[in-house]
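**Q** Please see the structure below; I have some questions.
The values are calculated or read from the model by the stated rules, or taken from the named source; none is laboratory data. Since this is a predicted model, take the numbers as computed values, not measurements. Neighbour counts are summed over all protein chains in view; Cβ atoms, including those assigned to glycine, are modelled from backbone coordinates with ideal geometry. The accessibility values were calculated without ligands, DNA or RNA, using every heavy atom of the protein model including side chains. Shrake-Rupley method; radii C 1.70, N 1.55, O 1.52, S 1.80 Å.
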Amino acid sequence: MKGLIYKDIMIFFKSIDKKLVLIAAGAIILLMVNTGVYAGLFASVMFAMTIGMQNIMSFVSDEKAGWKKYQLAMPLNAISVVTSKYISVVCTLAVSLVGSVLFNLLSNIAFQNFNTTIWEVSVAASVIVPLLWTGICLPLTYWAGFHSAQTMGIIVVVPMFYFIKYFEDGAGFSAMANSISAYVVVAGVAVIVLFIISMIISMIGYKRKK
């Protein structure tokens, strides 16, 4: 199991898409410039989205390599293979968390403002968004192929961008941060449950693949 987790984490870092990094960097810079004291929050959300997308892309690389054929020649079962991928997603949350902390520190320094609510929502988003993203897209990879997962990953980006656009004014930002903070725990529990259900569905899908 440890070897599988190491493999998946290494694929995550080695398959980093330069185009994705450039797009994400540009979007984060724009958000940091245009959202004032809430820059850390929105930069955290964008970075978490990027981590989620990169996870999906790393799994796509695995599928393209025909990993299933190699797995059949090893003493590995579907539970171990799929569980390792989900554990690797949890491990990459450390990258998302570090990014969130750095973005919020930069925002605090730049705007001379420290807001506990913004930090809470930012940290929660850095965990929830990648888990939600992979929780939805991974089962698609095993049941409908990696192309469907890629498509879904792109579709999910659209409402998130509109969500950010909706809160352009300062009052909107404030209302959003305060309202979301009240549901952080509930959202976290819901996403964890979804993530576990997703893993079970992925295991069933992986077993049926030839």
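**Q** Within the stretch 123-143, is even one residue over 21 Å from I51 (Cβ atoms) and modelled with pLDDT under 80?
**A** Yes; the residues of the stretch 123-143 include at least one that is over 21 Å from I51 (Cβ atoms) and modelled with pLDDT under 80.
**Q** Criterion first (modelled with pLDDT of 75 or more, under 16 Å from P130 (Cβ atoms) and either open to solvent by less than 30 Å² (accessible area, probe 1.4 Å) or among the β-branched types (V, I, T) (or both)) does A43 satisfy it?
**A** Criteria met by A43.
Okay, residues lined up against (1) in a helix (DSSP H, G or I); (2) surrounded by 20 or more Cβ atoms within 10 Å (Cβ to Cβ); (3) of a type in the set (G, A, S):
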residue: K85; (1), (2), (3): yes, yes, no
residue: S88; (1), (2), (3): yes, yes, yes
residue: V95; (1), (2), (3): yes, no, no
residue: G99; (1), (2), (3): yes, yes, yes
residue: F103; (1), (2), (3): yes, yes, no
residue: I109; (1), (2), (3): yes, no, no
residue: F114; (1), (2), (3): no, no, no
residue: I118; (1), (2), (3): yes, yes, no
residue: A124; (1), (2), (3): yes, yes, yes
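**Q** Looking for something at pLDDT 75 or above and in a loop (DSSP other than H, G, I, E, B) - is there at least one such residue anywhere in the stretch 18-38?
**A** Scanning the stretch 18-38 turns up no residue that is at pLDDT 75 or above and in a loop (DSSP other than H, G, I, E, B).
**Q** Can you name the residue in the stretch 183-210 that is open to solvent by 60 Å² or more (accessible area, probe 1.4 Å) and farther than 20 Å from V90 by Cα and is also modelled with the lowest pLDDT among such residues?
**A** Taking the candidates together, the pick is K210.
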